[in-house]
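Asker: Before I ask anything, here is the structure I am working with.
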Amino acid sequence: MNGRRPSRYFTAALSFMLLAILSLELALADSPTRWGPETLRSLPEPSKPAHAPPRTEQGGHTSPEAWLDELAKGEMGVRGVGQYQRFADPWYIVLRPFTWEHTPKSGKKAYLPTVSVPKGFVTDFASIPRAFWTWLRPDGRYAQPAVLHDYLYWRQDVPRKVADLIFYEAMLDVGVDRTTAGLVYWAVRRDIAGLGGGPAWRENARKKRSGLRRRLRRFPDGDPTMTWDEWRRKPGVF
């Protein structure tokens, strides 16, 4: 060292940088998107119901496709109305975006992130195992939790456990009783006989790596024979 003191401009710049780094660390520490192992372990989980709820009346809907058609009808409203356009195969386009915000019933501070499902997202509700669909009535308002869950399983920008907790809380928001919501949550969490959400999570990760996209910019013009697989291969739809 030559004994020269650092200039006041250098000192000020260094102080500013250190302050910025500290502020960033504090912000990240309180961010709901920073999901370390300890944070995940600290998240409250619903208790596992002792008994399964009775299955809902299907009203003559004997196939998953018919159940999905009923689910996608009507309105659902938490800051947006979800409406869908169906392909010939059981895939649905979200025509109106919607947003879900965590509002814990206990009055505690929200610990789950806000989620916005964009217009053009394509869903088949596959993140919910079909074996458990009959525990949710084929009612349009129940479509929102299902689409939220499917969107989060596709995006994978939060851990799977967080996606499943959001699904549980969203079910409560639209009026699903705690027993049913808790049972579906635990069924999705536990990969029993390949029926949980794990296979869908892993399959989505594989498809994303292969380059598959699921948010459309251009929609089919009412062609009842058009399938999702055919449409996604057309140029300019994404």
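Derivation of every value follows stated rules applied to the coordinates shown; laboratory data play no part. Quantities reported herein were computed from a predicted structural model and do not represent experimental measurements. We place every Cβ from the backbone using ideal geometry, glycine too, and count neighbours over all the protein chains shown.
Asker: Would you list HIS149, HIS102 from fewest to most Cβ contacts within 10 Å? Can you show the working numbers first?
Answerer: Values: HIS149 27, HIS102 18.
Taking fewest neighbouring Cβ atoms as first place, the list is HIS102, HIS149.
Asker: Next up: Sorting TRP231, TRP100 on the 10 Å Cβ count, fewest up front, what's the list?
Answerer: Values: TRP231 19, TRP100 25.
Ranking TRP231, TRP100 by Cβ neighbours within 10 Å, fewest first, gives TRP231, TRP100.
Asker: Another one. With 10 angstrom as the radius, rank TYR111, TYR153, TYR84 by how many other C-beta atoms surround their C-beta, starting from the fewest. Write down the numbers at each step before the final one.
Answerer: Values: TYR111 15, TYR153 24, TYR84 20.
Ordered from fewest to most neighbouring Cβ atoms within 10 Å, TYR111, TYR153, TYR84 come out as TYR111, TYR84, TYR153.
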